[in-house]
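Note sheet for the following structure.
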2 protein chains.
Amino acid sequence: MNALARLGMVSESPSENQTMTTVAATAVSSEPAKDYFVERDGQKFAGMHLLIDLWGAKNLDSPALIDETLCAGALASGATILHSHFHHFSPNGGVSGVVVLAESHISIHTWPERDFAALDVFMCGACDPYKVVPFLQAAFGPSTIDIDEQRRGLLKP
Amino acid sequence: MNALARLGMVSESPSENQTMTTVAATAVSSEPAKDYFVERDGQKFAGMHLLIDLWGAKNLDSPALIDETLCAGALASGATILHSHFHHFSPNGGVSGVVVLAESHISIHTWPERDFAALDVFMCGACDPYKVVPFLQAAFGPSTIDIDEQRRGLLKP
């Protein structure tokens, strides 16, 4: 089964979009391999992954608003948008979707009948995933936001 | 900005694909609102979300193999595939992508230069996200798999 052809799409040729940490200039002819892991607070890891739960939220049945909100948040975080896809369900009006970034992704799944949405915001490189949060507050007006931060690919000291 | 038109796609009309818990038959004319949260082990929540880190893994630079593996795992879990999208990066060969499901999503981001991949498998309804794991083991042969299970949208008793 080749779902690339059947359901979606795949980039045919590699791009240079992957965010990278700064590589020191070198005068020798054989450059060191690039290292795409990031360093922060003395830790080295692949990327920051926020699991965000919205409770008491509104406007969770609008794919257009959700798309606009997540893309605006992604750009504010410093990310590059590669692709987005949203699906609208019946009868509850729930929305599932994802924004694929050069620096990972943002996903959302909504349950309007419970005023609940589950998001994850995964970003590597210099992007700040917390900059998505004010856009969620403005668009969905949740009474409560729970945020769980994971550092994916954390290297052991 | 309308990224729906610019970058991706959105389902124009709601579908009936959302997985639902069983709703008891009723003889009254006004049916109760459907409840898409699931119950397991005495807990009620929106869905199971696994954060999976692969270390010492191979074949992380092949979007076709990754797509095939994630779609096979999704089907084995009992999920319905709506859409998939993968992107291939240069120069490291890393792959980013997602499979959007009627029951949420699977995402992957790979760092072949470190033999590392970060996945998340989010499934609601009766699907079992752990059934994806054997497909990851077979395709990528990791020396270590770290799995963190989150129950998203867990209702307080």
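Observations
- A point 7 Å from Cα along Cα→Cβ stands in for B:N59, and the other copies hold the same point at 4.4 nm, listed in rising order.
- Checked against a 31 Å cut-off, the cross-linked pairs A:K131/B:K34; A:K44/B:K44; A:K44/A:K131; B:K44/B:K131; A:K34/A:K156 give Cα-Cα distances beyond that limit for A:K131/B:K34; A:K44/B:K44.
- The mean number of partner chain beta-carbon atoms within 10 angstrom of a residue's beta-carbon across peptide B:95-106 is 6.
- Sorted from shortest to longest, the distances between the A:P134 label points of this copy and the other copies are 4.9 nm, with each point 7 Å from Cα along the line through the beta carbon.
- Computing Rg and the Kirkwood Rh from the Cα coordinates of segment A:63-144 gives a ratio, Rg/Rh, of 0.96.
- Shape class of segment B:109-152 from the alpha-carbon gyration tensor: prolate, with a/c at 1.5 or above and a/b greater than b/c.
- Chain B residue nearest the axis that carries B onto A, by Cβ, with distance in whole Å, is B:V98, 2.
- Note on B:65-71: average number of Cβ atoms from other chains within 10 Å of each residue's Cβ is 3.
Taken together, the values in this text are just the output of simple stated rules run on the coordinates, not laboratory data. Just so it is clear, the model here is predicted, and its values are computed rather than measured. Here the Cβ is made from the backbone with ideal geometry for all residues, glycine too, and neighbour counts use every protein chain on show.
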